[in-house]
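The structure under discussion appears below in the form of structure tokens.
The values are calculated or read from the model by the stated rules, or taken from the named source; none is laboratory data. Please read these numbers as outputs of a predicted model, since none were measured by experiment. No Cβ is skipped: glycine too gets one built from the backbone with ideal geometry, and neighbour counts run over all protein chains shown. Protein only, heavy atoms only, side chains kept; ligands, DNA and RNA dropped before computing areas. Shrake-Rupley method; radii C 1.70, N 1.55, O 1.52, S 1.80 Å.
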Amino acid sequence: QVQLVESGGGLVQAGGSLNLSCAASGRTFSSSTMGWFRQAPGKEREFVARIRWTSGSTYYADSVKGRFTISRDNAKKTVYLQMNSLKPEDTAVYYCAVGRLLASTDEDAYDSWGQGTQVTVSS
């Protein structure tokens, strides 16, 4: 069991930036992928980005490609999501998750989830 705590959300104007953090604690996990998902009111949770813990290989949803950057700090057991050029459509609760080796866009491949952090982008 691993515990994940997101932070860094807030209210920003369109075009602004936020950096989300997700700190892991608890057991030493063997999962090889960490990801970010988001859920807007009335919508299903959707994939945002993921990173392979060992290689650092990244993958992004088309909607955020070129604007968001996922990264990790192995020593701190923390994953980050740098969000630039934010749009009102990015407004959602953002969740960090730990997944399996081959986890990608499917939320079912992720085992542990954080509580979420609210990101609101005004126009």
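Remarks
- Test for Gly35: is it open to solvent by less than 10 Å² (accessible area, probe 1.4 Å) and touching a helix residue (DSSP H, G or I) at 6+ places or on another chain (Cβ under 8 Å): no
- Close pairs (8 angstrom Cβ cut-off, 6 or more residues apart or separate chains): within 21 Å of Gly56 (Cβ to Cβ) and among the basic types (Lys, Arg) in segment 88-108, open to solvent by less than 40 Å² (accessible area, probe 1.4 Å) and in a strand (DSSP E or B) anywhere: Arg100/Thr33; Arg100/Tyr110
- Residue list for segment 53-101, filter: open to solvent by 70 Å² or more (accessible area, probe 1.4 Å) and touching a helix residue (DSSP H, G or I) at 6+ places or on another chain (Cβ under 7 Å): Arg100
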